[in-house]
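J.: I have a structure here, written as structure tokens, and I will follow up with some questions on it.
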């Protein structure tokens, strides 16, 4: 079920109305049932994957807490392997086999190529949001192992931790310390929270259906067949994609956080105006925060963090970002995207540590320049994220940097292109000066909410465009 | 207390809609009930775009032929007419044709086993709208559409080819999937007040952004509305305005020829092709028509026969609906006349005229034939 659908609107009304009419026991059951329905709307049978993951990690949590010494580690490893196993099977099997077939078919004298997953199990598709709920489940067992979180005894509540519908398929990737205690509490009806949650949902929806899906019309057209378009078209399309992916993903996060807030739950912030960052490291502190802190806490710091030799720090940084790229998708494009961001960070760190003279003196103008440079670097990397193949990505970059003609070819009307630029300007202005919409004044809330809903209806594009991050 | 009651009531109504949308049986029961107006009651293009200018209020009366509209004709009892076509002719009652017997199968939807009567003149007309040519006669599709899943097949040809599987309706259909969203939009958005909202949105988008919903296309003078696939300059060969190389036209004609020979070998005395021009071809001829129909007709000369609807329609302006992508009653009547002229031409002899509808005709056969009445 997509947040930008009528189906979800009705679903949300039903669940929220029932939620506030039930006691604590009824609420967790209702939310669990609703989350199952929400997930099964994509492909019902895949609920079994979630069920297995939940049972394994629930038991693992209890056993880790109960045991001491090496046994705890063994149980943790089993739990992590079972999670990663699902991920590897569904997400990385084809990538691995494809590369083996390409690289070693002649070398190993295989009689025929190794079969792809679809050939072994016809009709199989990647379960939606697999990387998200797998990472959330993993963070639970790791935290129990570290002793930061007591094992959850209530099976229903633990299931809800993994399956809570607002953040089930595209995050934020939560930590047990934040949400498990909230599931145990009874949240009274709080009009302030409801107003704030609804407004955040409306803003998220605006970003998704008014901005992201409109920009997607131009982006999809240009990226579908890049060789048919001029460098200018590809440049504008890439610029649009930079905002499309932000509005698409942060819009989803806003709707998820808002939907949870209406019911009294506080989920972690996932975006803080990332395109206003003055450096790549600042960008990663503002973009997909729940994932970047996950990698920081569970990969970068265990590898030694900043407390190891300088060379090792750079290697760790590169490793974390390549893994992050791979987390997004099983393709060389994502690996290159991660590698590129890792390289940016390593180069920035080298400059800071060894060539501080190259660092610009902080003045208002240099701050603006830093924001622009950071934005351009991020935009360049998005080409790999969006292009269908590495060759397409290199072709697009080449054409953008060395354009041969300047004609803008698009399916959008001139008025739509101007409107798209206006929306981007509006977004930047809003993020810069009004990052949070104040809803404390009820009349102001009604007016703003009504305006937002009207604009969403009038200028929204509703053709069931899936969220980009669902595929991860 | 009142708030609690209201919230439960709203939730109950919303739940009702979700249950109906998730169930094939309930959904079809609801949409076939008298409480559910047809979504295309003002024309399919209006339904897609919600532009008020193209809301055709008399669409219902202009889109079907009634017995009063039928041409009076002599019935050619020795001709057995088989029609294999699309939405342009599927609502024309079979009794309006003058052949002794007339059958119709919808391309891509239905098929039927037949036994050709050697005592009759068996003719087959394969009708297609212009925008369907690229899809149905490409190298990839023609075999599947016209031969493997043929509209008509004999016991012999059935052994060689598969046929369309039947569709079963279950209580729980596409649980939660894409169909549910489409059904909810249909269930909720098809009534008066919602149509007003949709019209307002369509007007704002056209006025401010020059955008027509669903990427459908307005003619440059904004007088006519066309489907995207027949009038956009970027969608490909389905469009009247997309350049089509000669090699592609040749490919279409070659595949039509293969289809022609397939049916002739099945035993049909003659097979005719008919291409109904796109609405855009007729109503916006100066916007760069690629001349697909004239080119096909030229290239097919001497290989198979075609019914020329393009020449008849090309200077007309009122043979297509305002709010729909199909032709109206006048267009249908023109088609019926063309087919009847052809039928008379191929008939070996003519029987005396028979008036009225639902009549029984005495034929050379020993059994009386009931002429087929309205078909869906």
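The values are calculated or read from the model by the stated rules, or taken from the named source; none is laboratory data. Note that this is a predicted model, so its numbers are computed, not measured. Cβ placement follows ideal geometry from the backbone for every residue including glycine, while neighbour counts extend to all protein chains displayed.
J.: Out of A:385, A:419, I need the residue that is out of contact with any strand residue (DSSP E or B) (no Cβ under 9 Å at 6 or more places or on another chain) and within 14 Å of chain B (Cβ to nearest Cβ). Which one?
T.: Testing whether each residue is out of contact with any strand residue (DSSP E or B) (no Cβ under 9 Å at 6 or more places or on another chain) and within 14 Å of chain B (Cβ to nearest Cβ) leaves just A:419.
J.: Output yes when any residue across region A:58-69 is within 12 Å of chain B (Cβ to nearest Cβ), farther than 21 Å from residue A:153 by Cβ and free of Cβ contacts under 8 Å to residues at least 60 places away in the same chain, and no when none is. First the steps, then the outcome.
T.: Step one: list which residues in region A:58-69 are within 12 Å of chain B (Cβ to nearest Cβ), which gives none.
No: zero hits.
J.: Also: Does region B:39-62 include one or more residues that are away from chain A (no Cβ under 14 Å) and at pLDDT below 85?
T.: Within region B:39-62 (the criterion being away from chain A (no Cβ under 14 Å) and at pLDDT below 85), the answer is yes, since at least one residue qualifies.
J.: While we're here: Give the residue that is modelled with the lowest pLDDT, with candidates limited to residues of region B:327-355 that are part of a loop (DSSP other than H, G, I, E, B) and crowded, with 21+ Cβ neighbours inside 10 Å.
T.: It comes out as B:347.
J.: Could you name every one of the helices (runs of 4 or more DSSP H) located completely within region A:57-125 that has at least 3 residues being more than 29 Å from the chain's Cα centre (by Cα)?
T.: Working: elements: A:70-87, A:93-104, A:117-120.
Filter on region A:57-125 gives A:70-87, A:93-104.
J.: Test residue A:405 against the stated conditions and say whether it is surrounded by 17 or more Cβ atoms within 10 Å (Cβ to Cβ) and either within 19 Å of residue A:230 (Cβ to Cβ) or away from chain B (no Cβ under 11 Å) (or both). Full working, then the answer.
T.: On the way: surrounded by 17 or more Cβ atoms within 10 Å (Cβ to Cβ): no; either within 19 Å of residue A:230 (Cβ to Cβ) or away from chain B (no Cβ under 11 Å) (or both): yes.
So residue A:405 fails the test.
Per-residue answers, yes or no, for (1) surrounded by fewer than 15 Cβ atoms within 10 Å (Cβ to Cβ); (2) modelled with pLDDT under 90; (3) farther than 18 Å from residue A:246 by Cβ:
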| residue | (1), (2), (3) |
| --- | --- |
| A:410 | no, yes, yes |
| A:423 | no, no, no |
| A:433 | yes, yes, no |
| A:440 | yes, yes, yes |
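J.: In this structure, is residue A:2 outside any helix (DSSP H, G or I) and closer than 27 Å to residue A:258 by Cα?
T.: Numbers: outside any helix (DSSP H, G or I): yes; closer than 27 Å to residue A:258 by Cα: yes.
Yes: the conditions hold for residue A:2.
J.: Then there is this: Restricting the search to region A:289-311, which residues are loosely packed, with under 14 Cβ neighbours inside 10 Å and assigned to a helix (DSSP H, G or I)?
T.: A:310, A:311
J.: Scan (1) more than 23 Å from residue B:217 (Cβ to Cβ); (2) surrounded by fewer than 18 Cβ atoms within 10 Å (Cβ to Cβ) for the single condition residue B:295 breaks and write down its number.
T.: Result: residue B:295 fails condition (1) only.
J.: Restricting to region A:412-443, what's the tally of residues that are closer than 16 Å to residue A:207 by Cα, touching a residue at least 40 places away in the same chain (Cβ under 8 Å) and assigned to a loop (DSSP other than H, G, I, E, B)?
T.: Qualifying residue count for the region: 2.
J.: Of the residues in region A:27-56, how many are within 13 Å of chain B (Cβ to nearest Cβ) and assigned to a helix (DSSP H, G or I)?
T.: Quick first cut of region A:27-56, residues within 13 Å of chain B (Cβ to nearest Cβ) only: A:30, A:33-47.
With assigned to a helix (DSSP H, G or I) added as a condition, the list becomes A:30, A:33-40, A:44-47.
Counting residues in region A:27-56 that are within 13 Å of chain B (Cβ to nearest Cβ) and assigned to a helix (DSSP H, G or I) gives 13.
J.: Inside region B:207-221, can you point out the residues that are surrounded by fewer than 19 Cβ atoms within 10 Å (Cβ to Cβ), more than 10 Å from every other protein chain (Cβ to nearest Cβ) and either closer than 18 Å to residue A:416 by Cα or free of Cβ contacts under 8 Å to residues at least 40 places away in the same chain (or both)? It would help to see each step written out before you state the result.
T.: So the first thing to find is which residues in region B:207-221 are surrounded by fewer than 19 Cβ atoms within 10 Å (Cβ to Cβ), and the list is B:207-208, B:210, B:213-215, B:219-221.
Checking which are more than 10 Å from every other protein chain (Cβ to nearest Cβ) leaves us with B:219-221.
Across region B:207-221, the qualifying residues are B:220, B:221.
J.: Oh, and also: Would you check if there is a residue in region B:253-262 being crowded, with 18+ Cβ neighbours inside 10 Å, without any contact (Cβ under 8 Å) to a residue 40 or more places away in the chain, on the phi < 0 side of the Ramachandran plot and in contact with a helix residue (DSSP H, G or I) (Cβ under 7 Å, 6 or more places away or on another chain)?
T.: Checked against the condition, which is being crowded, with 18+ Cβ neighbours inside 10 Å, without any contact (Cβ under 8 Å) to a residue 40 or more places away in the chain, on the phi < 0 side of the Ramachandran plot and in contact with a helix residue (DSSP H, G or I) (Cβ under 7 Å, 6 or more places away or on another chain), region B:253-262 yields no hits at all.
J.: Can you tell me which residues in region B:265-293 are assigned to a helix (DSSP H, G or I), modelled with pLDDT of 90 or more and within 23 Å of residue B:123 (Cβ to Cβ)? Spell out the reasoning first.
T.: Going residue by residue through region B:265-293, those that are assigned to a helix (DSSP H, G or I) are B:265-266, B:279-283, B:285-287, B:292-293.
The next check asks that each one be modelled with pLDDT of 90 or more; those that pass are B:279-283, B:292-293.
Once the filter is applied, which keeps residues that are assigned to a helix (DSSP H, G or I), modelled with pLDDT of 90 or more and within 23 Å of residue B:123 (Cβ to Cβ), region B:265-293 yields only B:293.
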